[in-house]
1. Looking only at the range A:408-420, how many residues end up being more than 7 Å from chain B (Cβ to nearest Cβ) and surrounded by 22 or more Cβ atoms within 10 Å (Cβ to Cβ)?
2. Report yes if some residue within the range B:377-387 is outside any loop (DSSP other than H, G, I, E, B) and either among the hydroxyl-bearing types (Ser, Thr, Tyr) or not assigned by TED's automatic domain parsing to the domain that holds B:Gly122 (or both); otherwise report no.
3. Looking only at the range A:276-288, which residues are within 33 Å of the chain's Cα centre (by Cα) and touching a residue at least 24 places away in the same chain (Cβ under 8 Å)?
4. Name the residue that is nearest to B:Leu317 (Cα to Cα), counting only residues in the range B:247-256 that are facing another protein chain (nearest Cβ under 9 Å) and touching a residue at least 60 places away in the same chain (Cβ under 8 Å).
5. Is there any pair with a first residue in the range A:203-214 that is open to solvent by 10 Å² or more (accessible area, probe 1.4 Å) and a second that is in a helix (DSSP H, G or I) whose Cβ atoms are under 6 Å apart and which are 6 or more apart or on different chains, and what are they?
6. Could you list all residues from the range A:338-354 that are part of a helix (DSSP H, G or I) and either closer than 20 Å to A:Arg397 by Cα or in contact (Cβ under 8 Å) with a residue 24 or more places away in the chain (or both)?
7. Which of the residues belonging to the range B:220-235 are within 11 Å of another protein chain (Cβ to nearest Cβ) and not polar (S, T, N, Q)?
8. Of the conditions (1) of a type in the set (Ser, Thr, Tyr); (2) within 20 Å of the chain's Cα centre (by Cα); (3) within 12 Å of chain A (Cβ to nearest Cβ), B:Ser217 clears all except one; give me its number.
Protein chains: 2
Amino acid sequence: MISLEEEIEALCREAKTASRELARLEPAKLDGALEAIGRTLEAARPRIEEANRIDLEAGRSRGLGAALLDRLHLSPKAFSSMLRGIEEVRSLPSPLGRILEERIRPNGLRIRKMRVPIGVIGVIYESRPNVTVDVAVLCLKAGNAVVLRGGSEAFHSNSALARALAEGLERAGLPSAAIQLLPTVDRASIPILCRQRRYLDLLIPRGGYGLIETVVSHAQVPVIKHFQGICHVFVEAHADLEMARRIVLNAKCQRPAVCNAMETLLVDRKIASQFLPGMVRELRGRGVEIRGDETTRLLGGAEVLPATTEDWATEYLDLILSVRVVDGLTEALSHIEQFGSSHSDAIVTEDRAIAEEFLRSVDSAVVYWNSSTRFTDGGEFGLGAEVGISTDKIHARGPMGVEELTSYKYVVIGSGQTRE
Amino acid sequence: MISLEEEIEALCREAKTASRELARLEPAKLDGALEAIGRTLEAARPRIEEANRIDLEAGRSRGLGAALLDRLHLSPKAFSSMLRGIEEVRSLPSPLGRILEERIRPNGLRIRKMRVPIGVIGVIYESRPNVTVDVAVLCLKAGNAVVLRGGSEAFHSNSALARALAEGLERAGLPSAAIQLLPTVDRASIPILCRQRRYLDLLIPRGGYGLIETVVSHAQVPVIKHFQGICHVFVEAHADLEMARRIVLNAKCQRPAVCNAMETLLVDRKIASQFLPGMVRELRGRGVEIRGDETTRLLGGAEVLPATTEDWATEYLDLILSVRVVDGLTEALSHIEQFGSSHSDAIVTEDRAIAEEFLRSVDSAVVYWNSSTRFTDGGEFGLGAEVGISTDKIHARGPMGVEELTSYKYVVIGSGQTRE
């Protein structure tokens, strides 16, 4: 019997071999495979929905909460949206082979910087089964093979989806090893995946503290973390308070469970007594629990709970908001520097100089002026689909789309040049 | 007494604080610091040369070889070239604040992708003391703080250089903590540096197998490896053999101790008997030791030593060349795939289709057609100076110049947009 380590290594080796084959294909051939995948998923729909039912039942009997069951559920709507997503990715222009720069040197050498696939990408994710398809399809569009490690609660759904993906690849004449799902939910598989230096070119962990911690402490391959979003909105003294009100409601309430939702509201002391009482009332009316500092509690009334230091550092992903009154831009900046997660942060103000100072100083993937933080998303940015939101600064920052899943190489064309 | 761990952590923390200050500066201010650094280095020249003499004497008494002593020596010529390098970097256009893309979305959001510094970069290098200055100056130009860990044999030279760099920063009104040299050559400092997740944004190890292995197995921060160059020249059946002769001599002999020099020559069987005997003779005449496969030994005569599998995987960095006769493109490609280091590989041929297949299939940072591999270099590519040659595929590939030492962030400007 082979060990888990040997099994995972073999699977990554096959992905590497497949990636070499993909790298030589024309983009049209990859698009053909995406089309075939759409068809095999459609055909396998009953089988996939059946597998999803098994996961849902197991989840229910294990006592999973409603929110988690909802994420797990591959509803007819979610299935159709998944199929539409494939079509959208297929219709994106391929970045492969694109010449990013060309220089002709004084010695006549023609130096071209050309987009190429990265190779094999490992993606570790937790929740929804449709991520299996979204991620596989994006990686394939960029010419990469992918090794997927989904959440244990979605194992049957993911397996059925992966089988349909492999059938699509085969039907298009591509190696089915280009999309691999780890055939196990053993947690030991994560450190093993982290060690596959010979075969993996990049590892993308999408998830919370525990997962990121495991990956970072074991990884021997390059990692781009998709970590949490502790997003701030700072309502500055010169804000249009009606605009601020709409932005705050949107950033907190429109979809609280996602990483680009606001977790902390910072309010300039100068306008706090004018802004906070009504804002707190309105948020409370929408069912938001408020945890505030002393001034906020003073202004917001008895319904505001006291915030602890831990609150400033917490990604609630829920209808909970921490609120702090600050002395102007400087204190807002140091709060964000200390507690932010370098994801998305916004200022609301009509003062251009203060806005520009905020945009320059906040070291986050996306900084907003007079906008909700909820737009940090590949689709909203016009990148097409996304594999997630990078909270790292190397290679890709913010939404990672097809282009961010590529590398480049230099192609140098000469006529016999030698160096003096 | 504080521990080595605490000392290094404190130093990285100071670099982080300094990096925040640098990120807010205008590029002109950074250029002013580069100018000041040039002046303080010039003023400290006697002190630095004295420190270099101490290292050289210690090296001699420890029995360092001539090549290593030569690398260690900060000759008047090397010193002047180092100062000229600073001036060149200063005169490069700054990438900071540059808008890489701008999209105006249907909802009116203006999304700008803007070049920003990475933050704090750790660089671990081995040999020459002038690297201390080259790397510090490039990082500073890109708005980054840097933590340097040089080779033990150059410790006095590096310390004297770092002191002059700090003086230059202070004179320009910048925090001297922006350029830090580890005040120790204890090997334990490398794993400690690798764990500074809170403060380091990137780690660049430049060196051989041992160093890279240590860094990769300990790193908890993103790493861009500058590993070895096992570079190939493939003389294909349709090559202009006179051109091939010149390229082979240049790639092997012009400067054998650098990473972009050729280590393995692959020759198409069809022209081997025509090409190899003369080529071997000429290389031997230049003092090159040849290690060949059976066919090469048959054609090259008694002076060709037998090559082992280990030879194909060895970066000699010396006047030694391994030579193998292959059956056309396919065998050349699989040899490079198996033994190459993804650095720089060249084909010599007059057949465009074969050349294009080679350029597409070889998965290296730089692929050449009818050129010596010796051009893989920031200066030769027109990037200005370089911090080294990345052999990784994430973030930067091949020569890393100022631009590759930056990240980006999205700056989004709205007028109250909220998400539906």
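The values are calculated or read from the model by the stated rules, or taken from the named source; none is laboratory data. Keep in mind that this is a model prediction, so the values were computed, not measured. Virtual Cβ from ideal backbone geometry, glycine too; neighbours counted across all protein chains shown. For the accessible areas, the whole protein counts, side chains as well, though only heavy atoms, and no ligand, DNA or RNA atoms are used. Shrake-Rupley method; radii C 1.70, N 1.55, O 1.52, S 1.80 Å.
1. Applying the first criterion (more than 7 Å from chain B (Cβ to nearest Cβ)) to the range A:408-420 yields A:420.
Adding the requirement that they be surrounded by 22 or more Cβ atoms within 10 Å (Cβ to Cβ) leaves none.
Total satisfying the criteria: 0.
2. Let us first name the residues in the range B:377-387 that are outside any loop (DSSP other than H, G, I, E, B), namely none.
No, because not a single residue in the range B:377-387 is outside any loop (DSSP other than H, G, I, E, B) and either among the hydroxyl-bearing types (Ser, Thr, Tyr) or not assigned by TED's automatic domain parsing to the domain that holds B:Gly122 (or both).
3. Going through the range A:276-288, the residues within 33 Å of the chain's Cα centre (by Cα) turn out to be A:276, A:279-288.
Matches in the range A:276-288: A:Leu276, A:Met279, A:Val280, A:Glu282, A:Leu283, A:Arg286, A:Gly287, A:Val288.
4. If we filter the range B:247-256 for residues that are facing another protein chain (nearest Cβ under 9 Å), which is where we start, we get B:247, B:249-251, B:254-255.
Restricting the remaining residues to those that are touching a residue at least 60 places away in the same chain (Cβ under 8 Å) gives B:247, B:250-251, B:254-255.
Numbers: B:Ile247: 17, B:Asn250: 14, B:Ala251: 12, B:Gln254: 12, B:Arg255: 9 Å.
Only one residue fits best here, namely B:Arg255.
5. The qualifying pairs are A:Thr214/A:Ile190.
6. Here is the first cut: in the range A:338-354, the residues part of a helix (DSSP H, G or I) are A:338-339, A:352-354.
Matches in the range A:338-354: A:Gln338, A:Phe339, A:Ile354.
7. B:Val221, B:Pro222, B:Val223, B:Ile224, B:Lys225
8. Exception for B:Ser217: condition (2).
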